[in-house]
1. Could you grab me the full set of residues in segment 38-92 that are among the aliphatic types (A, V, I, L, M) and within 14 Å of Ile112 (Cα to Cα)?
2. Of the residues Arg129, Arg97, which is more than 24 Å from Ala12 (Cα to Cα), free of Cβ contacts under 8 Å to residues at least 60 places away in the same chain and touching a Lys or Arg at 6+ places or on another chain (Cβ under 9 Å)?
3. Would you check which residues across segment 135-164 are open to solvent by less than 20 Å² (accessible area, probe 1.4 Å) and outside any loop (DSSP other than H, G, I, E, B) and list them?
4. Which condition from (1) open to solvent by 20 Å² or more (accessible area, probe 1.4 Å); (2) among the hydrophobic types (A, V, I, L, M, F, W, C); (3) at negative phi is the one that Ala56 breaks?
5. Scanning segment 1-10 for residues that are open to solvent by 40 Å² or more (accessible area, probe 1.4 Å) and modelled with pLDDT under 95, which turns out farthest from the chain's Cα centre (by Cα)?
6. Of the residues that sit in segment 30-53 and are surrounded by 18 or more Cβ atoms within 10 Å (Cβ to Cβ) and acidic (Asp, Glu), which one is nearest to the chain's Cα centre (by Cα)?
7. Quick check on segment 11-29. Is at least one of its residues closer than 28 Å to Leu142 by Cα and either open to solvent by 80 Å² or more (accessible area, probe 1.4 Å) or modelled with pLDDT of 95 or more (or both)?
8. What residue, among those in segment 97-111 that are at pLDDT 95 or above and part of a loop (DSSP other than H, G, I, E, B), is nearest to Phe176 (Cα to Cα)?
Amino acid sequence: GGKDSLWIGTFASGLNLFHLKDKSWEHFRKKEGSAQSLSDDNVYDLLEKDGHLWIATSGGGINRLELSTKTFSSFQHIHGDTTSLSSNLTRVLILDRNQKLWVGSSRGLDRINFQQDGSLHFEHFLKGRMICSLIEARDGTLWVGTYQEGVWVFDGERKPIHHFTKKEGLPGQAVFGL
């Protein structure tokens, strides 16, 4: 993107880049049979890190767009592979203060561990829970909003330290924003 453009993720219309100076568009869509295209046209969240745009999709896992070349890589759930993404239905991305990238999905919270060989391994938290929102507080705690299970809070070491539900005074169990 840069300062003169804006990335826009849409539902059913893929990823779009709007150039502010000349008001022109670039469109990125899923191309059937192409591993180098966007993996799903339903884009829920975007995050820019180290020359890449990370893209959470609803059905295609996460994508990494190399901004200099505009080439895509996709990372998806692989049945039986415990180091793969928890689910291809991804909703939210966050970069924490330690430069760790987190993915919230329909089947849990994943932390991406970048390997020396360039591959990614996904470490799983809150397995089986639908993650809807993520934020890191000033004190370094990670707050995780879930669908129907309230809010979980993880400490700086990423151990769960609190779970807020209706029992603890949270008015509703579905937390879509933090």
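1. We begin by selecting, within segment 38-92, every residue among the aliphatic types (A, V, I, L, M); these are 38, 43, 46-47, 53, 55-56, 62, 65, 67, 78, 85, 89, 92.
The answer is Leu47, Ile55, Ala56, Ile62, Leu85, Val92.
2. So the residue among Arg129, Arg97 that is more than 24 Å from Ala12 (Cα to Cα), free of Cβ contacts under 8 Å to residues at least 60 places away in the same chain and touching a Lys or Arg at 6+ places or on another chain (Cβ under 9 Å) is Arg129.
3. Scanning segment 135-164 gives Leu142, Val144, Gly145, Thr146, Val151, Val153, Phe154.
4. (1)
5. Of everything passing the filter in segment 1-10, Asp4 is farthest from the chain's Cα centre (by Cα).
6. For segment 30-53, the residue satisfying everything is Asp45.
7. Going through segment 11-29, the residues closer than 28 Å to Leu142 by Cα turn out to be 11, 15.
Right, trim to either open to solvent by 80 Å² or more (accessible area, probe 1.4 Å) or modelled with pLDDT of 95 or more (or both) and you get 11, 15.
Looking through segment 11-29, at least one residue is closer than 28 Å to Leu142 by Cα and either open to solvent by 80 Å² or more (accessible area, probe 1.4 Å) or modelled with pLDDT of 95 or more (or both).
8. Checking each candidate, the answer is Ser106.
The values are calculated or read from the model by the stated rules, or taken from the named source; none is laboratory data. What you see is a predicted model; the values in this text were computed from it and never measured. FYI the Cβ positions are ideal-geometry reconstructions off the backbone, even for glycines, and counts take in every protein chain you see. Accessible surface is based on the protein model in full, side chains and every heavy atom, while ligands, DNA and RNA are left aside. Shrake-Rupley method; radii C 1.70, N 1.55, O 1.52, S 1.80 Å.
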